[in-house]
Amino acid sequence: MLFLLLIVSAYCFIRAGLLLSEKSMYPPPLVRKRKARFHVSLALVLLILAFLL
């Protein structure tokens, strides 16, 4: 379970990085930033949950 949470949180961090480094205009930059912020917060919550278990 711990390993799965760590893998999913790493995936969320990578996904956020990819969203921020994307140069296309669709989706708009503000939408990409919002999605990236969501992925980072989800990853942090999963990391905290993993260390609490």
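The values are calculated or read from the model by the stated rules, or taken from the named source; none is laboratory data. The structure presented is a predicted model; accordingly, all values stated were derived computationally and were not measured. Don't worry about glycine lacking a Cβ; one is built from the backbone with ideal geometry, like all the others, and counts go over all protein chains shown.
State yes or no: is Phe13 surrounded by fewer than 11 Cβ atoms within 10 Å (Cβ to Cβ) and part of a helix (DSSP H, G or I)?
No.
Here are some residues: Leu52, Leu30, Leu18, Leu44. Which one is modelled with pLDDT of 95 or more and out of contact with any helix residue (DSSP H, G or I) (no Cβ under 7 Å at 6 or more places or on another chain)?
Leu44
Give the residue, chosen from Val40, Val45, that is in a helix (DSSP H, G or I) and crowded, with 17+ Cβ neighbours inside 10 Å. Before you say what the answer is, go through the steps one by one.
Working: Val45 fails: crowded, with 17+ Cβ neighbours inside 10 Å.
Only one candidate qualifies: Val40.
So Leu53 clears everything in (1) surrounded by fewer than 13 Cβ atoms within 10 Å (Cβ to Cβ); (2) without any contact (Cβ under 8 Å) to a residue 12 or more places away in the chain except one condition, right? Which one?
For Leu53, the failing item is (2).
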